[in-house]
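All remarks here apply to the structure that follows.
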Amino acid sequence: MDAVQLTQWKHDPEVRDVPQPDPGPGEVLLKVGGAGMCHSDLHLIHDFEAGMVPFEPPFTLGHENAGWVEALGAGVSGLEVGQPVALYGPTGCGRCHRCVQGMQNYCERQAELTSMAAGLGEDGGMAPYMLVRDSHRLLALGDLDPVQAAPLTDAGLTPYHAIKRSLGLLVPGSTAVVIGVGGLGYMGVQILDALTPATVIAVDTRRSALDMAASSGALHTLVPGESTAAEITELTRGKGADVVLDFVGNETTMQLAVASGRPLGHITIVGIGGGTYPFGFFSAPYEASLATTYWGSISELMEVLEMAERGLIRAEVERVSLADAPETYRRLARGEVNGRAVVVPA
Ligand code: NAD
Ligand code: ZN
Ligand code: ZN
C-alpha cells in the first residue's frame, strides 16, 4: 500500500510502497478515513534531527486519525468490524498516575517511550490502513464522518484542553485573545464561542484565516503589528485579556501574548514556534500565569467529539489524496491552507 513517510530528518516526506500491517494480539487494524495534516509535522520534518528524540525515520506520518475498524487482533473486544472510530493519539505507558487518569499526553514515563504517537515516531494514518496498538484508544464516532473527525483528535482536542484550564476566567465581560487562527486556532475560536460568553479577539497575519475566525465567533480581528497590544488594551477598555492562547509560539507572538494579558490572567502557549519569554516580576501582569500545554486527555477527546456531534464545532476540511500530501505540506508551510488539510486515502 502507499504511505506518506518521513524517510529522513529535514527532507520532504515521500509517498512509498509499504507492507499492509496485520493486527497482532490486542491490536486493531484501522481502515483510515482521514489523517489530518498538522503544522507540528512541519516542525518534526524540518526542526528535528538524529538524537533529539528516541525514534528515527522512516515512519508514516499522520497523528490525527479516524476511520473504520477493519480487523480485530486476538483478544480484542468491545469494537465491531466496520464501526467508525477516532484514535486518541498520545502514546503513554498506560499505567502511571497520569495515564490512568486518561492523560497519556502527560505520561510520567515519557522518557522510556520510543514514540510520541502513531505518526510521531511510529507508523501513522497517512496510508489506507494503520495499526492501533491499544484498542482502548479508539473512540466510537456515532454519526460523525471520519474525515471530519480526524482533525478533532488534535486540532480540536489541543485547543479544547488549553481552553478548559481557563474556563473559570471566561465569565461575562471577559476577553480571550487567540493568536494564530489556522488549523488549531480556528477550532479554538469555535470552542470559546460554544463554551463561554467571552469576547474573542483573533490575531493572524493572514486575512483569509481572520475571515474564517470572524464567521465562527471572533468579534474583533487584528493583523499583528506594532500597535496590536495597544489595540487589545483599548478593546478591553484598559483591562487586558483574561486569557491569551498563542497558537504560534514564536518570540514576537509570545511578547504580544504577555503584553495583551491581564493581572490574574492565563497566557497559554500552544504553538511550537521555538520562542522564549523572560518571565519575572516586572515582565508579566501581576499574578498572571504562563503555561504551555500539550495535546489533551482521552476524556477531553470524548467531550470534543460530543461537541462536534451536536454541531457546536466543525473542522473546515480540505481533502487531499495520498499523492498530493507532500505538496500540501509545502502549501501548509507557505500559509496556503485554510482550516485543516486532511489526507483521505480512499
Ligand atoms: P497552521 O499553520 O494551520 O496555523 C498557524 C496560523 O498561525 C496560521 O493561520 C498563520 O497564518 C498564523 N500565524 C503565523 N505566524 C503568525 C504571527 N506571527 N502572528 C499571528 N499569526 C501567525 O498550524 P496549526 O496546525 O494550527 O498549528 C499551530 C501551532 O501549534 C504549530 O506550532 C503546531 O506545531 C502547534 N501544535 C501544538 C500542539 C500542542 O499540543 N502544543 C498540538 C498541535 C499543534
Ligand atoms: Zn498535531
Ligand atoms: Zn504513563
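What follows is calculated from the coordinates using simple rules that are stated; it is not laboratory data. For clarity, every value in this text was computed on a predicted model and none was experimentally measured. In this analysis, Cβ positions are derived from the backbone assuming ideal geometry, glycine residues included, and neighbour counts consider all displayed protein chains.
The distance between label points at Phe48 and Met302 comes to 3.0 nm (points 7 Å beyond Cα on the Cα→Cβ vector).
For the stretch 1-52, which GluC sites (Glu not before Pro) pass both filters: DSSP loop (anything but H, G, I, E, B) and at most 11 other C-beta atoms within 10 Å? Provide the component values of the computation, followed by the final result.
On the way: sites: Glu14, Glu27, Glu49; in loops: Glu27, Glu49.
Sites meeting the loop and neighbour criteria: Glu49.
Here Arg310 and Val344 are evaluated by their C-beta separation; at R0 = 22 Å the FRET efficiency comes out at 0.35.
What whole number of Å gives the distance from the Cα centroid of the stretch 246-264 to the Cα centroid of the stretch 152-195? First find each Cα centre; the distance between them is then 15 Å.
Local charge sum around Ala308 (other residues, Cβ-Cβ under 11 Å, Lys/Arg +1, Asp/Glu -1)?
-3
Rounded to the nearest 20, the Cβ-based charge dipole of the chain about its Cα centre (Lys and Arg +1, Asp and Glu -1) stands at 740 debye.
Starting from the Kirkwood radius over alpha-carbon pairs of the chain, derive D by Stokes-Einstein at 4 °C in a medium of 1.567 mPa s and give it in µm² s⁻¹.
Numbers: Rh = 20.4 Å.
Rounded to a whole number, D works out at 64 µm²/s.
Pairwise over distinct Cα atoms, reciprocal of the mean inverse distance: report the Kirkwood radius of the stretch 202-323 in Å, one decimal place. Write down the numbers at each step before the final one.
Values: mean 1/r = 0.0617 Å⁻¹.
It is 16.2 Å.
Bridges between two residues of the chain, per DSSP, are antiparallel at a rate of about 50%.
Taking other residues whose beta carbon is less than 12 angstrom from the beta carbon of Gly296, and scoring Lys, Arg as +1 and Asp, Glu as -1, yields -1. Here Lys10 is the anchor, and the aspartates and glutamates within straight C-alpha reach of less than 14 Å, apart from those fewer than 8 places off in the same chain, are Asp41, Asp47, Glu49, Glu56.
So what are the stretch 1-130's ellipsoid semi-axes, whole angstrom, largest first, if each one is the square root of 5 times an eigenvalue of the alpha-carbon gyration tensor?
Numbers: eigenvalues 109, 84, 30 Å².
Listed largest to smallest, the semi-axes of the stretch 1-130 are 23, 20, 12 Å.
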